[in-house]
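Contents: one structure, followed by commentary.
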Amino acid sequence: MSAFKTLFTEMVNANGDSSKLNKDLQKQMLKVFVKETQPYFLVSDSYFYVPAYFTKSAIEEFEKKFPNVKVNDLNEKVILISNWSLELKKVNSTAVFTSYAGLEVRLIVHSFKPQVGEPIHPTRWPTNLYRDNEFKNTIQALRHRAVVDSLSKAAVSDDKSGVVVGKSDDWNFKEGNTAVVALGGAKKAAAAVASGAAKVKGGAGAKRGAKAAAKAAPVKKATTTKTVEKVLKFTPGKKAADKGKKSATAKKTASPAGKKSAAGTTDQMTMQSLKKFLKHHKDTKKPVSGGKRSAPKKGGK
């Protein structure tokens, strides 16, 4: 039988009231195997693992009594928890993997010591207690009791629909508030969340890039200014503008139909194309497609 499963189940059934727990169990010391110390300090009873939360006094006492042993060096070692307590805590289960349905049972460590000369290994590979179906059913039962109790105390509205007005999310259990110390990666993550400050990555390289961009901006502006000055310098004056106007307007020549054609360049191309076109049809003696009917020859119809 798992010690953690027994203790945690009783804590949930007691609605978070530790005074209702078995007094003999509370006096027992817990000899546990440290599954890992980072990013979370997880301890196992050879069946399941749960996170251990240390008080500040527990860490200070440990460092004072065992100055040559670091807490993070207890990975895969055995520790003896001589003073502990349990608490229920509302958490975000999407962020806390050692929880279920927004609830976590916390093992608070008030005093502990390492068992250096006692190597031990779990008889089986421990699993997350909050993935155990029976323990999850225990939490769901607590949730159901809380909802029923909350609705029984709620007031029924005055309208005929009989809608119940109340808070269905009221867990209605005793929540603990013992201050704990975060260890390892959890400590850094907690500090980052508490500060709420966003850090910009890039380091020295980003700073150098910013300085280079700042220096490049004036050069680009100066180059653009010089280019504009050159354009203004070589812009044609009034005489050149007048000359341009005269050259833009081509001489008009008479077309075979007696009409004026467009610009000179276009007119020259049109005349050449027209001569070739007429010569081709004259040689082949074919009527011009889409054109006007030619005048009949003398003596013809």
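The values are calculated or read from the model by the stated rules, or taken from the named source; none is laboratory data. In this text, all values refer to a predicted model and were calculated from it rather than measured experimentally. In this analysis, Cβ positions are derived from the backbone assuming ideal geometry, glycine residues included, and neighbour counts consider all displayed protein chains.
Output the number of residues of segment 7-30 satisfying the condition of being over 39 Å from the mean Cα position of the chain (by Cα) and either surrounded by fewer than 16 Cβ atoms within 10 Å (Cβ to Cβ) or at pLDDT below 90 (or both).
Residues in segment 7-30 being over 39 Å from the mean Cα position of the chain (by Cα) and either surrounded by fewer than 16 Cβ atoms within 10 Å (Cβ to Cβ) or at pLDDT below 90 (or both): 12 in total.
Do we find that Leu88 is under 16 Å from Phe4 (Cα atoms) and in contact (Cβ under 8 Å) with a residue 60 or more places away in the chain in this structure?
Considered against the rule, which asks whether it is under 16 Å from Phe4 (Cα atoms) and in contact (Cβ under 8 Å) with a residue 60 or more places away in the chain, Leu88 comes out as yes.
Just to be sure, is Gly184 in contact with a strand residue (DSSP E or B) (Cβ under 7 Å, 6 or more places away or on another chain), at positive phi and at pLDDT below 95? Talk me through it step by step, then tell me what you get.
Details: in contact with a strand residue (DSSP E or B) (Cβ under 7 Å, 6 or more places away or on another chain): no; at positive phi: yes; at pLDDT below 95: yes.
Answer is no for this residue.
Restrict the check to segment 56-64 and report whether at least one residue is at pLDDT 90 or above, within 34 Å of the chain's Cα centre (by Cα) and more than 27 Å from Thr138 (Cβ to Cβ).
Taking segment 56-64 as the starting set, the residues that turn out to be at pLDDT 90 or above are 56-64.
Filter again for within 34 Å of the chain's Cα centre (by Cα), leaving 56.
Checking the rest, the ones that are also more than 27 Å from Thr138 (Cβ to Cβ) come to 56.
For segment 56-64, residues at pLDDT 90 or above, within 34 Å of the chain's Cα centre (by Cα) and more than 27 Å from Thr138 (Cβ to Cβ): present.
Checking the condition more than 23 Å from Asn177 (Cα to Cα), at pLDDT 90 or above and within 33 Å of the chain's Cα centre (by Cα), which residue from Asn137, Asn92 passes?
Asn137
For segment 111-127, check the following and say yes or no: at least one residue is surrounded by 18 or more Cβ atoms within 10 Å (Cβ to Cβ), assigned to a helix (DSSP H, G or I) and not charged (D, E, K, R).
Taking every residue of segment 111-127 in turn, none turns out to be surrounded by 18 or more Cβ atoms within 10 Å (Cβ to Cβ), assigned to a helix (DSSP H, G or I) and not charged (D, E, K, R).
Where in segment 39-109 are the strands (runs of 3 or more DSSP E), entirely inside, with at least 1 residues that are surrounded by fewer than 21 Cβ atoms within 10 Å (Cβ to Cβ) and polar (S, T, N, Q)?
In segment 39-109, 78-90 are the strands (runs of 3 or more DSSP E) which contain 1 or more residues that are surrounded by fewer than 21 Cβ atoms within 10 Å (Cβ to Cβ) and polar (S, T, N, Q).
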